[in-house]
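A.B. asks: Please find one structure pasted underneath; my questions will follow.
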Amino acid sequence: MPERAPPLRMTAAEYLAWEREQPEKHEFHLGEVFAMAGGSPRHNFLASACAAELRTAHRGGPCGVLSSDQQISTTSRKRYVYADAVVVCGPFEHETGASDVLTNPSVVVEVLSSSTESFNTEAYDRGEKWQAYQRLGSLRDYLLVSQREARVEHYQRTEGGWRYAALGEGERIELAGGASFAVDDLYRGAFDYPGDAAPDPVDASSGD
């Protein structure tokens, strides 16, 4: 969940070196650095639950699950981001000269959060950040997880483009590689924790 940081401009190399020394996460776009805001307890629960469900769904297969600390390069030397959970199928591919920066995620998860006074975080996950993820040829599934209700918006890459579905209680999320998990399992216990006050916006069924 980024929010605009105090004015910081760096080259990609400077950012990568600087970011490794920071106690908090920052994203990078064309020389501009953005601070990542903290999440609500429900946001953090859902991010953790997503990683757990994905790990169980992929158990015994060629895919691994990485946490929200994993940095992703969507465009080499131009854009670096973090997701709430990431799946990698096959070997970990990294950017040249940056062995800790992932370039081939198969599944990316973002837990939706309310906007701050300085940044519209939901619009970012649905818009600019989603556009950046689509440039990754490895990406097969993009999941947007609501904090307000048991609802997951699922974009899946097909031969004809990105297919959209909104899934709720009693339904399953079917990933492109064959793994799946239940929406109910993901949200079990989530609403015991405080979440963002503002509702998620109306979904957008077009991903491009």
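A.B. asks: Direction-averaged shadow area of the convex hull around the Cα atoms of the stretch 65-111, nm²?
C.D. replies: In nm², the orientation-averaged hull projection of the stretch 65-111 is 3.0.
A.B. asks: For the chain, what % of the accessible area comes from carbon and sulfur atoms, probe 1.4 Å?
C.D. replies: Carbon-and-sulfur percentage of accessible area, whole number: 49.
A.B. asks: Please report Rg (one decimal) and Dmax (integer) in Å for the Cα set of the stretch 10-114.
C.D. replies: When restricted to the Cα atoms of the stretch 10-114, Rg and Dmax are 14.1, 42 Å.
A.B. asks: Quote the relative contact order of the chain in percent (integer), defining contacts as alpha-carbon pairs under 8 Å separated by 6+ residues.
C.D. replies: 19
A.B. asks: Under a crude label model (7 Å from the Cα following the beta-carbon direction), how far is SER138 from ALA37 in nanometres?
C.D. replies: 3.0
A.B. asks: What percent does the relative contact order of the stretch 118-169 come to when contacts are Cα pairs within less than 8 Å and at least six residues apart?
C.D. replies: Reported relative contact order: 22 percent.
A.B. asks: If you don't mind, there's one more thing I want to ask. So in the chain, which Cys have no other cysteine's beta-carbon sitting under 4.7 angstrom from theirs?
C.D. replies: So, CYS50.
A.B. asks: Could you estimate the translational diffusion coefficient of the stretch 96-173 from the Stokes-Einstein equation, with Rh from the Kirkwood formula over C-alpha pairs, at 4 °C and 1.567 mPa s, in whole µm²/s?
C.D. replies: 93
A.B. asks: Percentage of Cα-Cα pair distances in the chain greater than 25 Å, rounded to whole percent?
C.D. replies: Value for the chain: 34 percent of Cα pairs lie more than 25 Å apart.
The values are calculated or read from the model by the stated rules, or taken from the named source; none is laboratory data. Computed from a prediction, not measured in an experiment: that's the story for all the values here. Backbone-built Cβ (ideal geometry, glycine too); neighbour counts: all protein chains shown. Protein only, heavy atoms only, side chains kept; ligands, DNA and RNA dropped before computing areas. Shrake-Rupley method; radii C 1.70, N 1.55, O 1.52, S 1.80 Å.
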